[in-house]
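The values are calculated or read from the model by the stated rules, or taken from the named source; none is laboratory data. Just so it is clear, the structure is predicted and the values come from calculations on it, not from any experiment. No Cβ is skipped: glycine too gets one built from the backbone with ideal geometry, and neighbour counts run over all protein chains shown.
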Amino acid sequence: MTDAHAAVEAVWRIEAARVIAGVARLVGDVGRAEELAQDALVAALEQWPAEGVPRNPGAWLTTTAKRRAIDTIRRQQVLQKHLPLLAADDRLDDPAFELVLDQEPIEDDVLRLMFTACHPVLKPEARVALTLRMLGGLSTDEIARAFLVPDATVGQRISRAKKSLADAKVPFELPVGAARTERLASVLEVIYLIFNEGYSATAGDDWMRPALCEEAMRLGRVLAALMPAEPEVHGLVALLEIQASRAAARTAPDGSPIMLLDQDRRRWDRLLITRGLKALARAEELGGGPYTLQAAIAAGHARARTAAETDWSDIAARYAQLAALTPSPVVELNRAVAVAMADGPAAGLEVLEPLLEDKALRGYHLLPSVRADLLLRLGRRTEAKAEFTRAADMTRNERERTLLLTRAAACD
């Protein structure tokens with residue numbers, strides 16, 4: 001790969017959202033805007049190696065994409081009522097147009113793009129794919145590799161997502177009132193899903209996919225800069241930063257997982273923790289919700305220099321608050337772990353047992369995994385072995401499967 005090609009890829013990853021958002025404001029269709037932005041990317045790959053990287057590459061891409069959009073409108077005689085306005089825009093032929101673009105506000109456009117890509121009309125997997133494509137600048141094959149699905153599957157998800165937005169006539173605008181609250185929840189959920197897949201890969205040979213964690217944190221930081229008064233945005237950023245701080249300590253040199261209580265906390269990233277705690281303070285000051293509570297739980301671990309110093313009673317109490325705020329069997333399972341650490345494995349098992357009948361957790365491998373650990377701590381080794389083995393059969397992650405089978409064997 002030439003230096004120019006590398007520059008194009010780097011610029012695209014950073015500027016994709018701005019370019020697509022700027023064009024979407026002109027054409028009013030995010031699907032068409034993404035195609036035009038891709039055309040500009042192809043043009044850059046053709047021209048930059050020969051002509052050199054422009055002084056302002058992001059503006060170059062936006063200008064090229066916008067001009068192609070206008071050429072298409074003129075050529076196809078579409079949107080007749082807009083043609084006089086477009087033809088009268090002298091900036092289109094002005095060599096200084098790139099400088100003008102630098103002065104145009106882009107924050108609202110990027111925010112509109114984020115809310116559009118995460119529209120509730122789309123299924124969660126489609127929102128994730130479209131967000132990574134439009135806001136992360138990831139290619140189809142990169143997204144496919146990240147989630148261990150065929151390229152064609154990701155391509156179909158993205159195509160269908162754009163078609164669904166067009167068919168539903170979703171406008172390229174910022175929602176207001178209740179619609180904005182609903183859409184913000186969707187945006188936060190997508191960023192959270194991306195991070196979780198990077199933090200604990202659901203399948204494959206790797207325990208983590210750091211690139212997805214980094215992309216989710218980047219999107220979270222962008223959203224926090226665009227919506228500084230939203231407490232849950234800061235709460236999510238805090239959660240991601242603090243969770244990500246453990247990355248270096250979560251795997252051994254051979255890639256095998258290291259559980260939280262066994263991690264060398266000296267390897268935790270103190271800068272990420274500091275940033276996370278700052279975001280948490282801001283979220284709590286504004287009056288946060290579930291993400292802020294989860295961040296506070298993560299902060300309880302981050303503030304403890306050793307596992308023994310962890311205030312498990314406080315963490316259990318916060319999980320109880322979280323369960324009251326957003327009832328969920330997964331939250332209740334996490335509360336069982338915290339209660340077991342605070343009050344002993346029997347108390348944790350008492351919280352966990354009702355979950356065995358919950359249909360939502362029927363295929364969730366962490367339920368038998370947690371139960372196995374509590375049984376083992378109670379000396380019920382035969383039962384623990386059976387549960388570790390059952391959990392291993394349920395997970396699709398090879399690293400996790402190996403760990404669970406190793407723990408099952410140790411019960412002997």
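Considering only the range 226-249, how many residues are in a helix (DSSP H, G or I), over 19 Å from Asp269 (Cβ atoms) and touching a residue at least 60 places away in the same chain (Cβ under 8 Å)?
Residues flagged as in a helix (DSSP H, G or I), over 19 Å from Asp269 (Cβ atoms) and touching a residue at least 60 places away in the same chain (Cβ under 8 Å) within the range 226-249 amount to 4.
So how many residues does the range 344-364 have that are under 12 Å from Val330 (Cβ atoms) and under 27 Å from the mean Cα position of the chain (by Cα)?
Going through the range 344-364 one residue at a time, the tally reaches 3.
Looking at Ala324, Ala386, which is the one that is under 23 Å from Gln243 (Cβ atoms), in a helix (DSSP H, G or I) and either free of Cβ contacts under 8 Å to residues at least 24 places away in the same chain or among the aromatic types (Phe, Trp, Tyr) (or both)?
Unique residue meeting the criteria: Ala324.
How many residues does the range 175-196 hold that are buried (at least 16 other Cβ atoms within 10 Å of the Cβ) and under 24 Å from Arg25 (Cβ atoms)?
Within the range 175-196, residues that are buried (at least 16 other Cβ atoms within 10 Å of the Cβ) and under 24 Å from Arg25 (Cβ atoms) number 8.
Filter the range 358-412 for residues that are small (Gly, Ala, Ser), over 18 Å from Pro257 (Cβ atoms) and surrounded by fewer than 20 Cβ atoms within 10 Å (Cβ to Cβ) and give the result.
Ala360, Gly363, Gly379, Ala386 - these are the residues of the range 358-412 that are small (Gly, Ala, Ser), over 18 Å from Pro257 (Cβ atoms) and surrounded by fewer than 20 Cβ atoms within 10 Å (Cβ to Cβ).
Looking only at the range 285-306, how many residues end up being surrounded by 15 or more Cβ atoms within 10 Å (Cβ to Cβ) and out of contact with any Pro (no Cβ under 8 Å at 6 or more places or on another chain)?
Number satisfying all stated conditions: 13.
Go through the range 154-204 and count every residue that is in contact with a Lys or Arg (Cβ under 7 Å, 6 or more places away or on another chain) and assigned to a loop (DSSP other than H, G, I, E, B).
Qualifying residue count for the region: 6.
Rundown of residues vs (1) under 28 Å from His234 (Cβ atoms); (2) of a type in the set (D, E, K, R), yes/no style:
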| position | (1), (2) |
| --- | --- |
| Val149 | no, no |
| Gln156 | no, no |
| Lys169 | no, yes |
| Ala179 | yes, no |
| Ala185 | yes, no |
| Val190 | yes, no |
| Glu197 | yes, yes |
| Met208 | yes, no |
| Ala211 | yes, no |
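With Ala244, Ala201, Ala161, Ala225 as the choices, which residue is crowded, with 22+ Cβ neighbours inside 10 Å and out of contact with any helix residue (DSSP H, G or I) (no Cβ under 7 Å at 6 or more places or on another chain)?
Going through Ala244, Ala201, Ala161, Ala225 in turn, the sole match is Ala201.
Within the range 121-156, count every residue that is within 18 Å of Glu189 (Cα to Cα) and without any contact (Cβ under 8 Å) to a residue 40 or more places away in the chain.
6
Is it the case that the range 300-312 has a residue that's of a type outside the set (S, T, N, Q) and over 24 Å from Ala249 (Cα atoms)?
No, the range 300-312 has no match at all.
Would you check if Leu113 is at pLDDT 80 or above, within 20 Å of Gly31 (Cβ to Cβ) and either of a type outside the set (Ser, Thr, Tyr) or in the same structural domain as Lys169 (by TED's automatic domain parsing) (or both)?
yes
I'm trying to understand the selection: among the residues of the range 250-263, which are over 21 Å from Ala338 (Cα atoms) and buried (at least 16 other Cβ atoms within 10 Å of the Cβ)?
Thr251
With respect to the numbered conditions (1) more than 15 Å from the chain's Cα centre (by Cα); (2) farther than 20 Å from Gly28 by Cβ; (3) modelled with pLDDT of 90 or more; (4) charged (D, E, K, R), which one is the sole condition not fulfilled by Asp205?
(3)
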